Amino acid sequence: MKQKSLKLNAIFNFIKSFMNIIFPIISFPYASRILLPEGIGKVNFANSIIEYFSMIAVLGVNTYAAREAAKIRDNKEKLSKFTKEILLFNFISTAAAYLLFIACFIFVDKLADYRLLLIVCSTKVLFFTLGTNWLFTAMEEFGYITLRHTLFQVISLILLFTLVHTSDDYLIYAGIGVFSNVGANIFNFIYARKFIDIHQKSKIELKQHARPIFTFFGVSCAGKINSVLDTTMLGFLSGNASVGFYSAAIKINTMVIELITSTVSSFLPRTSYLLEQNKEDEYTALVSKVLKITCFFAFPAAAGLFVLSKPLILLFSGEKYLPATTTMQLLTLMIISQTVNSFLNNLIITPQRKERFLLYAQIIALFLNMTLNYFFISKWGVFGAGLATLIVETTLPIVKLVPSWKYIRSKDNFLSILKSLIGTCLMFFAIYKLSGIIQNPFICTILTTLTGSIIFALSEILLKNEPAFIILGMLKRK
């Protein structure tokens, strides 16, 4: 198989994530004003519940399958056999997830008021399983993934403005959300025939996959619970309005995190492939370069969003969501911790087959998350949920540094990170002053973003930070 360009892979993943930002930028301000905090809170609470069943259906397969399939992608016969085995695993786990979903309907009284909404949101569980996105990740088909994903988001946007007009349309809004995220997966079966022969006769062997899959399932299970526990506990302890405020606080931060981490995750297949081929020097060089670029973008993004929290909430959600401003400022620090966490997962721990450290870290984070959320939400409400989330998300990369330290400890890496931090500080002080002068939220956002970007870029060029020159080189070639 001809090697695809790593730069193109990263660019395609960036475009996909950028569309994930553009879609909420257009849709969320409209939806939040139509559905109000109560309606947005209902949908997000229901989605947080469905995430628990989704993680059972996915069973931790995606990361494991993408890593292993990347190693055998040049052998169609082996890849076809592997794909059928993984699909069988997923069908069994999806059936188990739906059985538990039905049981919760019967025994959990709190869910009675959300039953129809939960049924709508639950359709994503089936589509995630059928999608086999891990196969296209392993084959580095990021161009196809991006095109397919963008098309369905555009269709979803049209449906939103056409069908959602009152606060009672939250069920339609939830259905459109499912369609935009996983609707495109139905096309994957057709396109997958380019890489595999699903009719190929082969002996199905599931036992060899069980241990790593269930290890990744433990990681995925704890990770999913950690990602939605704050929203779920807010729904139970504080109500729908609190969930709505929290959604406004975390929404933009989450979009920026996805924009950076999706680019990082595009390197997982290549790092797995390089290690399988015993190309240690190429692997080490790639790890170093991605670490520098990750910090180069994460630091200024966190500082910029901290300054722009109030104007962005006004633009995206409206004045009724202003109580969420302080929580959003707090959660901007999560951009740094989650991007570093993604880097450690995708470039070091998973390719090195050290997934047990992922499991240890997630279990520690899970118990910490439950404890902190219980006490902090009871005392501080929405802000308490944000504080608990930040502490947990900072703990994760710290724990994962233990098995990763020898790959990132070079003086050159730390010097580049220091330069990014210096440039971020210079940018922060300038835009903080500027944001205090401009009252209009739209003008403030535009001018502050432009000014901050220019100051950061110039400072990094003057400091001769390597990522700045990598990006300049790409722009010159274009």
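The values are calculated or read from the model by the stated rules, or taken from the named source; none is laboratory data. Quantities reported herein were computed from a predicted structural model and do not represent experimental measurements. With ideal geometry, Cβ positions are generated from the backbone for all residues, glycine too; neighbour counts draw on all protein chains shown. Ligands, DNA and RNA are stripped out before the accessible areas are found, and what is left, the full protein with its side chains, is counted by its heavy atoms. Shrake-Rupley method; radii C 1.70, N 1.55, O 1.52, S 1.80 Å.
Annotations for the structure displayed:
- Straight-line reach from residue 411: taking Cα to Cα under 30 Å and skipping same-chain neighbours fewer than 8 places apart, the lysines in range are 7, 279, 289, 292, 354, 400, 419, 464, 476.
- Each Lys and Arg adds +1 at its Cβ and each Asp and Glu adds -1 at its Cβ; summed about the Cα centre, the chain shows a dipole of about 1240 debye.
- Ordering 222, 242, 208 by Cα displacement along the dipole of the stretch 195-257 toward the positive end leaves 208 in first place; charges were set at the Cβ atoms of Lys, Arg (+1) and Asp, Glu (-1).
- Theoretical gain in end-to-end length, residue 193 to residue 98 [0.36 nm per residue, Cα-Cα removed]: 31.4 nm
- Each label point was placed 7 Å from the Cα along the Cα-to-Cβ direction; for residue 472 and residue 200 their separation is 4.8 nm.
- FRET efficiency, residue 364 to residue 162 (Cβ-Cβ, R0 51 Å, nearest 0.05): 0.65
- Theoretical FRET efficiency, 1/(1+(r/R0)^6), r = Cβ-Cβ of residue 439 and residue 78, R0 41 Å, to 0.05: 0.05
- Dimensionless Rg over Rh [the stretch 328-398; C-alpha; Kirkwood]: 1.04
- Carbon plus sulfur fraction of accessible area for the chain, probe 1.4 Å, in percent: 68
- By definition, a body whose alpha carbon gyration tensor gives a ≥ b ≥ c is oblate when a/c is 1.5 or more and a/b is not larger than b/c, and the stretch 285-436 fits this oblate description.
- Calculated [222 nm] ellipticity per residue, helices only, for the chain: -28000 deg cm²/dmol; basis is -39500 (n - 2.57) per DSSP H run with n ≥ 4, divided by all residues, nearest 500.
- Applying 1/(1 + (r/R0)^6) with r as the Cβ-Cβ distance of residue 25 and residue 147 and R0 = 25 angstrom yields a FRET efficiency of 0.80.
- Rough spin-label spacing in nm, given labels placed 7 Å along Cα→Cβ, for residue 352 and residue 447: 4.8
- The aspartates and glutamates within cross-link reach of residue 251, meaning a Cα-to-Cα straight distance under 15 Å and a gap of 8 or more places when in the same chain, are 230.
- Extension gain, residue 276-residue 38: 0.36 nm per intervening residue step, less the Cα-Cα distance, totals 80.6 nm.
- From the alpha carbon centroid of the stretch 50-86 to that of the stretch 159-214 is 14 Å.
- Stokes-Einstein D for the stretch 50-132, Kirkwood Rh over Cα pairs, 4 °C, 1.567 mPa s (µm²/s): 93
- In this rough spin-label picture, where each label sits 7 Å from Cα along the Cβ direction, the residue 422-residue 91 distance is 6.0 nm.
- Considered as an equivalent ellipsoid built on the Cα gyration tensor, the chain has semi-axes of 32, 31, 21 Å, the largest given first.
- Gain on full extension, evaluated as 0.36 nm per residue between residue 236 and residue 154 minus their Cα-Cα distance, stands at 26.1 nm.
- When the stretch 366-429 is reduced to its Cα atoms, the Kirkwood hydrodynamic radius in Å: 14.3
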